[in-house]
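A.B. asks: Dropping a structure here in structure tokens format, bear with me for questions.
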Amino acid sequence: MKEIVVISGKGGTGKTSITASFAVLAGDDVVVADCDVDAADMHILLQPENIKSEDFYSGELAVIDEDACIQCGKCFDVCRFDAVEVINDVHTINELSCEGCGYCARVCPTEAITNEPLNVGKWHVANTRFNQPFVHAKLGIGADNSGKLVAQVKNIAKETANKNNKPYVLVDGSPGVGCPVVSSLSGAHFVVLVTEPSVSGLHDLKRVYELVKKFRIKAGCIINKADINKDIASEILEFLKEEDIVHLSNLPYDETFTKAMTDCKTIVEIDDSKIKEAISESWEKIKEILN
Amino acid sequence: MKIVFTTEGTEWESKMDPRFGRAKYFMVFDEETKELIPLDNGDVEGEAHGAGPKAARKMAEAKVEVLITGNGPGGNASKVLEKLGTVSYIGAGDMTMKEAYEAYKNGELDKA
């Protein structure tokens, strides 16, 4: 089983649209995982039906037992996040401000405060409208993504792939360069970098590639909207050459992209587009490299 | 030489875990005494953030000289391992622990 992770560094480059297209092209050979859990939206394109859902816990939250609280104010004094609020002389925890550090529980003279695991969202095992296993998660408002949640989504996807003899796990990776994207990359066999020819597109590509390099994972790059700025597009090509990154394809700016999105379809479901051809070629190249 | 492997199980035939920070197990092998000691890394699996540096701390406690893994540690963990003088070998993610040890001895693994 080979794990392919699609990342972009910069948002809005078309990462999820391209990942969903790969999923369609892979057909029965793939388990899909959406690790972009902050703003998970691959489900809009793949319209999955959830088979199994479970709560996800990450971090802790202080809880005050009102009956045991003597309103002494010690928790209020020590909290560095201003998460203890006094409303009508009653001490309460502001759930959005609390970081779960546990200092308040430690100083409470009546042991009225306990730290409880924080429910931050749900993860689901589902079937896409193409009848492929799909693992995804949805975070609650104000909850933060973590390496732990990404690792969990990926683990379930890998188990599912092994159980059903699927040759590929396709991961829509997390954005940025932090802990969640480290967790997205860890264990991958191939990384697809999706970028666009803009100053920030190139800048973020370079940043995220530093991470990929650290993990020594073979990488390929798709330049989306390659024709909107030819100068930066050729700068990107130079960078790919220097770093020995496979140039998978250039996608032209094409309103098919937008049309597919407004129809809740993947790009490869729109016939006779140049983009469809280029994405199909990229997918074939990736398979060739992996096998 | 004390060598640590990132693995999914505790036998020589167990598959390697390509990950460092969130590896299931660290198997510490002492080449002199031939002793193989498992370190369960389950506690790190439950950490929301900072799995790499926490796992690196375990390497310090176990006093290992060589790390054999798949992708290699990330940025933060690498810094800790470098300070410890632990040498990391990568590219063993799809092997069993036994195969990884053979590959290491034959000089077939890359240094991170």
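Where a number appears in this text, it was derived from the coordinates with a stated rule and is not lab data. Computed from a prediction, not measured in an experiment: that's the story for all the values here. Note that each Cβ is placed from the backbone with ideal geometry, even for glycine, and that neighbours are counted across all protein chains shown.
A.B. asks: Counting DSSP beta bridges in the protein assembly as shown, what percent are antiparallel, to the nearest 5?
C.D. replies: Bridges in the protein assembly as shown are about 55 percent antiparallel.
A.B. asks: Which distance in nm do the two modelled labels at B:Ala62 and A:Ser280 give, with both placed 7 Å along the Cα-to-Cβ direction?
C.D. replies: Here the modelled spin labels are 4.9 nm apart.
A.B. asks: Starting from the amide H of A:Ile64, placed 1.01 Å from N in the peptide plane, find each other amide H under 5 Å away whose residue is 5 or more places distant or on another chain.
C.D. replies: Here the answer is A:Ile93, since their amide H atoms fall under 5 Å of that of A:Ile64.
A.B. asks: With a 10 Å cut-off between alpha carbons and a GNM built on chain B, which of B:Pro73, B:Pro18, B:Pro38 moves the most?
C.D. replies: Among B:Pro73, B:Pro18, B:Pro38, the largest mean-square fluctuation in the Gaussian network model of chain B belongs to B:Pro38.
A.B. asks: Something else now. What distance in nm separates the simple spin-label points at A:Ile70 and A:Thr110, each placed 7 Å from Cα in the Cβ direction?
C.D. replies: About 0.8 nm, to one decimal.
A.B. asks: Also, I was wondering about something else. In debye to the nearest 20, how big a dipole does the protein assembly as shown give about its Cα centre with +1 on each Lys and Arg Cβ and -1 on each Asp and Glu Cβ?
C.D. replies: Around 880 debye, computed over the protein assembly as shown.
A.B. asks: Please give the length that would be gained between A:Leu96 and A:Asp41 if that part of the chain were fully extended, namely 0.36 nm times their separation in residues minus their C-alpha to C-alpha distance (nm, one decimal).
C.D. replies: Here the answer is 17.4 nm.
A.B. asks: In a GNM of chain A with a 10 Å cut-off on Cα contacts, which of A:Gly140, A:Gly201, A:Gly176 has the highest mean-square fluctuation?
C.D. replies: Between A:Gly140, A:Gly201, A:Gly176, it is A:Gly140 that shows the largest mean-square fluctuation.
A.B. asks: Could you work out how far apart the two model spin labels at A:Lys259 and B:Lys79 are, taking each label as a point 7 Å from the Cα in the direction of the beta carbon, and quote it in nm?
C.D. replies: Taking the simple label geometry, A:Lys259 and B:Lys79 are separated by 5.0 nm.
A.B. asks: What full-extension length gain, to one decimal in nm, is calculated for A:Lys241 and A:Asn50 as 0.36 nm per residue of separation minus the Cα-Cα distance?
C.D. replies: Gain in length upon complete extension: 64.5 nm.
A.B. asks: I would also like to ask the following. How high is the relative contact order of chain A, given as a whole-number percent (alpha carbon pairs under 8 Å, six or more residues apart)?
C.D. replies: 26
A.B. asks: Using just the helices of chain A, give the 222 nm mean residue ellipticity in deg cm²/dmol: DSSP H runs with n ≥ 4 each add -39,500 (n - 2.57), and the total is spread over all residues, rounded to 500.
C.D. replies: After summing the helix terms and dividing by the residues of chain A, the value is -11000 deg cm²/dmol.
A.B. asks: What average count of beta carbons from other chains do you get within 10 Å of the Cβ of residues in B:13-20?
C.D. replies: For this peptide, the per-residue mean of nearby foreign Cβ atoms is 3.
A.B. asks: Over 27 Å between Cα atoms, which of A:Lys10/A:Lys148; A:Lys163/B:Lys79; A:Lys52/A:Lys285; A:Lys74/A:Lys122 qualify?
C.D. replies: Distance filter (> 27 Å) returns A:Lys163/B:Lys79; A:Lys52/A:Lys285; A:Lys74/A:Lys122.
A.B. asks: Related question: Which cysteines in chain A lack any other cysteine whose Cβ sits under 4.7 Å from their own Cβ?
C.D. replies: If one checks each Cβ against the other cysteines of chain A, A:Cys35, A:Cys69, A:Cys72, A:Cys79, A:Cys98, A:Cys101, A:Cys108, A:Cys179, A:Cys221, A:Cys264 turn up with nothing under 4.7 Å.
A.B. asks: Let's see if you can work this out: charge +1 on each Lys and Arg Cβ, -1 on each Asp and Glu Cβ, no other charges. What is the dipole magnitude of chain B about its Cα centre, in debye to the nearest 20?
C.D. replies: The calculation lands at about 460 debye.
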